[in-house]
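The values are calculated or read from the model by the stated rules, or taken from the named source; none is laboratory data. It should be emphasised that the depicted structure is a prediction, and the values quoted were computed from it without experimental measurement. Using ideal geometry, Cβ is built from the backbone for each residue, glycine included, and neighbour counts are taken over all protein chains shown.
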Amino acid sequence: MGIETAIAGALISAGASAAVAGAVAGFVVRVGASLIFSALANALSGKQSRAQDVGRQLAQPDTAPSYRFVYGAARATGTPVGAPVRGKYIWGCWILNSRPSDLSTAKLFLDKREVSFTGDPFNFAGTGGEGNTFPFVGEDGTASVVRFWIGRGDQTSPPQQFLNDVPWAAGADSELWKASDAWKGRTVIWMRLNAGADRNRQERWPASPPLVEMEGRWSKVWDMRDPLQSSDDPATWTWSDNHALCCLDALRQNPIRRYTDATLHLSSWQDAANVADELVTLNSGGTEKRYRAAGTLIFADGEIEDQINPLVLSGAADLIRIGGQLGIKPGAWQAPTLTVTEFFSDGFTATDMVPGAELVNELRVSYLNPERGYETADLKPWPIPGALTEDGGLPAPQSVELSFCPSPYQAMRVRKITGLRLRRQERIEGASLPPEAFDLVAGATLNVALPSPYNALDGTYEVESIHPAMDPLGNGSAVALTMPAALVKTDATIYDWAPTEEEAVVSEPYDGTRKGMRDPGAITALTGDAANLNTGGTVIPRIRFAFAPSPSAGVSDYEWEYRPTAEFWREGGRIEADVRDGTGDVFAFTGPLATGEAYDIRARAVGAAGKSDWVEIVGTSPTVSISLVLPIFVSVAETSPGTVKVTYEVPNDPDVDAVEIFAGPDANPANAAPMRNPIYAAQGSNVSASESGLISGTTRYYFARSRGDYASASGFTAARSFTTA
């Protein structure tokens, strides 16, 4: 029996006509829940990747390259999918985008250096584009060492010169190129590279194969607002960096699980696209579109909604479910459309705080900066207004990566919205809204105006979830249709923006020049138990250090040196290029070092193309933490007038080498002084110390502690007092 049949039967039994019962039953099964998926909460609960991390991953040679979409105007990193060498040339192909691209204009970068060129790189029948400036020309300044062709996705074969000069042949030349190696439907670049003269080779090619990047306008996306575009015909689509349209495209075109138009709430996407195109005034002059998107989205295993979350977050948006369809809530204020004066439920829960562990009072936001070669840049830390005081002065910072946000000013607006939304703590759950709320969906707002004594809850609320429910027989309810909902108190000021007051000055000098092998990442160091070598009887103090690998290809190893701070550098050793820890960093341990001494460590990448600059960490001191048993009190006595002798037993602890005995004027060991140097003795033996010259009636307090290797010490024993006769 289907659900409609069951509901209709119940209605007929209650006296309804068959026609009415069937209509109501058919209506009931169309009612669906609506809920919001917080992009920020999703981001904070998982690992956030930076643009540099994505670029480093994509730069590695791979015969099965990662499936990726490049959106907006951005710099894309190429993945080598084949780079055979014949004679003095590398004949290689790099995939840039796993779909066709606009690329009406394009800039090529090799190892972070722009390649100025002549010729037509889109003409596969000709000689392509040729580098025409140093270091991409020969010694005489004329012969180019770089020749390249760009396929926007409409290519049907490799460049003709590849087929002529390095054709595939069964057996000996099976790794070379044949006409079917076109990478149809993909955006790729083919390059013929010449090492050139030895004199400038290291400067010309700091990595082999080189890091290949291209700037331009990338994926074309469907815009439902354009009547000339068809959702099913990519040939009608145009390039756009509209944030909502890029998010929609990722859902519709991804290789994991594509949404169809029937499973998307397209009207919400159209509204969000309009919001994204709104012009926002800049304090520095001019305007920019409210929400743009740029960057490379890599697809992997997992839910597609989770994978596009960084893209969604970069526009202060959230995905929402409306029945069986997926929609979007844009990062803009939506005025209330309903005032609720009564809840139709037996009870509800109202809270006005979240757990302290979830509170955030400072945001540290990064974004994609075109002025830094489309690498990540950081805004200044932003204390959420009033939050630190509300939280009792305890800082609670949180980092947020807006990896698809190509503007610092957009990043500032998103930062404010996400920060103030994080501070919303007043919630109502379990309240059933009246039938008039049927049109509300997650992300909508409503006014709550309840009678006393519930008027303390009055205000404007955002719908976090709503679950329309029907009681066709009216069992125990004043209405047949109710909407159990979860609400969070909100405010229009969250989305307000005053550029003259809130827009910070962004001025970040940046030199994109790269020479030689690229540097590894900044060094971090660990000391203590995580770094020391414990042989069972002896602890050897060491420092563990780690750093992100150099993004240059062709790294053979890393060399490192160390020194006591301000002394001469000493050879440390070499680390193989593929050594990684659990976080993907290169790591190593020093040899035995002295505790209490500060050390500097430096490392650099080494390869056939040369050596990078040193990266350095200074002032790290190895430490050893040893837990020692306390000495055992034996006695305290006045051995002669004014002379007091105190005795302790050395504990039965192999790590204890000596005992220190202290005397002081009160029961606080911080005010006590040692009575003599540490007393070295065997375990179980007694050690004593005396002080003299005390006048009659003087009260003194005595303490002891154990000492061991590496200046380790136990705590102090309890105070023992004695008053002279």
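Those residues that are crowded, with 18+ Cβ neighbours inside 10 Å and among the β-branched types (Val, Ile, Thr), I need them from the stretch 353-375; list them, please.
Val360, Val365
Out of curiosity, is Ala704 of a type outside the set (D, E, K, R), under 56 Å from the mean Cα position of the chain (by Cα), modelled with pLDDT of 95 or more and within 23 Å of Ile626 (Cα to Cα)? Step through it out loud before you land on a result.
Working: of a type outside the set (D, E, K, R): yes; under 56 Å from the mean Cα position of the chain (by Cα): yes; modelled with pLDDT of 95 or more: yes; within 23 Å of Ile626 (Cα to Cα): yes.
So Ala704 fits the description; yes.
Just give me the residues in the stretch 628-653 being without any contact (Cβ under 8 Å) to a residue 60 or more places away in the chain and assigned to a loop (DSSP other than H, G, I, E, B), in sequence order.
Result: Val650, Pro651, Asn652, Asp653.
Could you pull out the residue among Pro541, Pro549 that is out of contact with any helix residue (DSSP H, G or I) (no Cβ under 6 Å at 6 or more places or on another chain) and either hydroxyl-bearing (Ser, Thr, Tyr) or farther than 30 Å from Trp205 by Cα (or both)? Talk me through it step by step, then tell me what you get.
Values: Pro549 fails: either hydroxyl-bearing (Ser, Thr, Tyr) or farther than 30 Å from Trp205 by Cα (or both).
Answer to the check: Pro541.
Being out of contact with any Lys or Arg (no Cβ under 8 Å at 6 or more places or on another chain), charged (D, E, K, R) and either surrounded by fewer than 17 Cβ atoms within 10 Å (Cβ to Cβ) or modelled with pLDDT under 95 (or both) is the requirement here; does Asp666 meet it? Spell out how you get there, then give the answer.
Numbers: out of contact with any Lys or Arg (no Cβ under 8 Å at 6 or more places or on another chain): yes; charged (D, E, K, R): yes; either surrounded by fewer than 17 Cβ atoms within 10 Å (Cβ to Cβ) or modelled with pLDDT under 95 (or both): yes.
Yes; evaluated as a whole, the condition is true for this residue.
Does Asp53 meet the test of being farther than 30 Å from Thr263 by Cα, among the acidic types (Asp, Glu), modelled with pLDDT of 70 or more and in contact with a Pro (Cβ under 9 Å, 6 or more places away or on another chain)?
On the way: farther than 30 Å from Thr263 by Cα: yes; among the acidic types (Asp, Glu): yes; modelled with pLDDT of 70 or more: yes; in contact with a Pro (Cβ under 9 Å, 6 or more places away or on another chain): no.
No; evaluated as a whole, the condition is false for this residue.
If Ala83 meets every condition in (1) at pLDDT below 90; (2) under 29 Å from Val221 (Cα atoms); (3) in contact with a Cys (Cβ under 8 Å, 6 or more places away or on another chain) apart from one, which number is that one?
With (1) at pLDDT below 90; (2) under 29 Å from Val221 (Cα atoms); (3) in contact with a Cys (Cβ under 8 Å, 6 or more places away or on another chain) applied to Ala83, the lone miss is (2).
Which strands (runs of 3 or more DSSP E) does the stretch 170-282 wholly contain that include 2 or more residues that are over 25 Å from Asp102 (Cβ atoms) and touching a residue at least 24 places away in the same chain (Cβ under 8 Å)? Spell out how you get there, then give the answer.
Numbers: elements: 187-194, 212-217, 279-281.
Counting at least 2 such residues, we get 187-194.
Scan the stretch 344-373 for residues that are part of a loop (DSSP other than H, G, I, E, B) and free of Cβ contacts under 8 Å to residues at least 24 places away in the same chain and report the count.
Residues of the stretch 344-373 that are part of a loop (DSSP other than H, G, I, E, B), as a first pass: 344-348, 352-355, 359-361, 373.
Narrowing the set further to residues that are free of Cβ contacts under 8 Å to residues at least 24 places away in the same chain leaves 346, 355.
Number satisfying all stated conditions: 2.
If I go through the stretch 691-725 residue by residue, how many of them are among the hydroxyl-bearing types (Ser, Thr, Tyr), part of a strand (DSSP E or B) and surrounded by 17 or more Cβ atoms within 10 Å (Cβ to Cβ)? Give the derivation first.
Of all residues in the stretch 691-725, those among the hydroxyl-bearing types (Ser, Thr, Tyr) come to 692, 696, 698-699, 701-702, 706, 710, 712, 714, 717, 721, 723-724.
Checking which are part of a strand (DSSP E or B) leaves us with 699, 701-702, 706, 721, 723.
Now drop any that are not surrounded by 17 or more Cβ atoms within 10 Å (Cβ to Cβ), which leaves 701-702, 706.
Adding up the residues that qualify gives 3.
Across the stretch 550-577, which residue is farthest from the chain's Cα centre (by Cα) among those that are part of a strand (DSSP E or B) and acidic (Asp, Glu)? Write out each step before concluding.
Initially, the stretch 550-577 is screened for residues part of a strand (DSSP E or B), giving 555-564, 570-576.
After this cut, where a residue has to be acidic (Asp, Glu) as well, the list is 557, 559, 561, 571, 576.
Numbers: Asp557: 28, Glu559: 29, Glu561: 31, Glu571: 35, Glu576: 27 Å.
Once the filter is applied, the top-ranked residue is Glu571.
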